[in-house]
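Reviewing the structure listed below.
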Amino acid sequence: MNLIFVGPPGAGKGTQAKLICSEFGIPHISTGDMLRAAIRQGSELGIKAKEYIDAGHLVPDEVVIGLVKERLSEKDCNTGFLLDGFPRTVAQAEELGRITDIDYVINVDVPDEKLVSRIAGRRSCNKCSAIYHVSTYNKMTCEDCGGDIIQRPDDSEETVRNRLNVYHEKTKPLIDYYRERKLLSAVDGDKSIQEIFDDICSVLT
Ligand code: AP5
């Protein structure tokens, strides 16, 4: 099963991706997590990506496409995968279509006004990328791995506004792109985490 999650920043793609990957036993490929890991390692790619991410801009297509191509060639992707945050432009989608077939594209849809409070309260583990929200988890260490809980630098109010603009301009056209190819299923992301998970499972089974 080859899946893609699309949706605006803060829609809950990462939260649902972790649940779906554990349910279906497929790897979770988050380009955001991969880029943040590269930044933490201080690699050449990380140094290049950091200025784009911190400003809320997209990292150039060729950089991200190279990263995803390499990841999809790994053995654990042979029986399926979930792409979270990729593709994000039509050029990325076209290139992905040349590499592999896709079975489902899930659009997690949440109104903009809800996204800002979700993102402002988001906290993540800097080691295993577990996702929390201050309203339900206010500890300094991750309950899964003991890593430090941090606020992402790109979750500042100004950067979030940029990320939303970039989403509307560059990523939203993917919804029509995949609808035309009859791969798109829309899921209402303005529900509880469990309800959204159930809705996604009904699309996939
Ligand atoms: P990325 O890490 O992919 O960020 P994003 O797409 O902006 O998505 P987010 O991680 O912000 O949100 P999410 O939908 O995963 O929500 P989450 O589950 O965390 O990308 C970051 C940056 O990397 C980009 O801006 C770009 O610079 C670069 N990049 C990445 N991929 C790229 C690509 N392909 N091309 C170019 N550049 C790329 O949930 C958010 C919060 O809401 C959490 O606190 C969570 O607990 C809470 N929450 C989740 N579900 C619910 C619910 N149902 N109800 C209430 N709260 C909820």
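If you check G42, G66, G10, which single one turns out to be of a type in the set (G, A, S) and buried (at least 19 other Cβ atoms within 10 Å of the Cβ)?
Testing whether each residue is of a type in the set (G, A, S) and buried (at least 19 other Cβ atoms within 10 Å of the Cβ) leaves just G10.
Every residue in the stretch 67-90 that is within 14 Å of the ligand (Cβ to nearest atom), charged (D, E, K, R) and not in a helix (DSSP H, G or I), please.
Of everything in the stretch 67-90, those that are within 14 Å of the ligand (Cβ to nearest atom), charged (D, E, K, R) and not in a helix (DSSP H, G or I) turn out to be D84, R88.
Each row is one residue, and each column tells you yes or no for (1) part of a loop (DSSP other than H, G, I, E, B); (2) touching a helix residue (DSSP H, G or I) at 6+ places or on another chain (Cβ under 7 Å); (3) closer than 20 Å to A11 by Cα.
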residue: I65; (1), (2), (3): no, yes, no
residue: E95; (1), (2), (3): no, yes, no
residue: D101; (1), (2), (3): yes, no, no
residue: I106; (1), (2), (3): no, yes, yes
residue: R118; (1), (2), (3): no, no, yes
residue: K127; (1), (2), (3): yes, no, no
residue: K139; (1), (2), (3): yes, no, no
residue: N162; (1), (2), (3): no, yes, yes
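Please enumerate the residues belonging to the stretch 113-125 that are within 16 Å of K18 (Cβ to Cβ) and in contact with a Lys or Arg (Cβ under 9 Å, 6 or more places away or on another chain).
R122, R123, S124 - these are the residues of the stretch 113-125 that are within 16 Å of K18 (Cβ to Cβ) and in contact with a Lys or Arg (Cβ under 9 Å, 6 or more places away or on another chain).
Can you pull out the residues in the stretch 171-205 that are of a type outside the set (D, E, K, R) and within 11 Å of the ligand (Cβ to nearest atom)?
Answer for the stretch 171-205, where residues must be of a type outside the set (D, E, K, R) and within 11 Å of the ligand (Cβ to nearest atom): T171, L174, V187, G189, S192, I193, Q194, I196, F197.
Here are A37, A49: which of them is farther than 21 Å from Y178 by Cβ, surrounded by 21 or more Cβ atoms within 10 Å (Cβ to Cβ) and not acidic (D, E)?
Going through A37, A49 in turn, the sole match is A49.
Going through V59, V105 one at a time, which residue ends up being crowded, with 17+ Cβ neighbours inside 10 Å, within 10 Å of the ligand (Cβ to nearest atom) and under 25 Å from L184 (Cα atoms)?
So the residue among V59, V105 that is crowded, with 17+ Cβ neighbours inside 10 Å, within 10 Å of the ligand (Cβ to nearest atom) and under 25 Å from L184 (Cα atoms) is V59.
Going through E23, E70, E51, E44 one at a time, which residue ends up being of a type in the set (D, E) and closer than 20 Å to R163 by Cβ?
E51
Go through the stretch 21-33 and give me each residue that's surrounded by fewer than 21 Cβ atoms within 10 Å (Cβ to Cβ), more than 8 Å from the ligand (Cβ to nearest atom) and not in a loop (DSSP other than H, G, I, E, B).
Across the stretch 21-33, the qualifying residues are C21, S22, E23, F24, H28.
Every number in this text was worked out from the coordinates using simple rules, so none of it is lab data. In this text, all values refer to a predicted model and were calculated from it rather than measured experimentally. Neighbour counts are summed over all protein chains in view; Cβ atoms, including those assigned to glycine, are modelled from backbone coordinates with ideal geometry.
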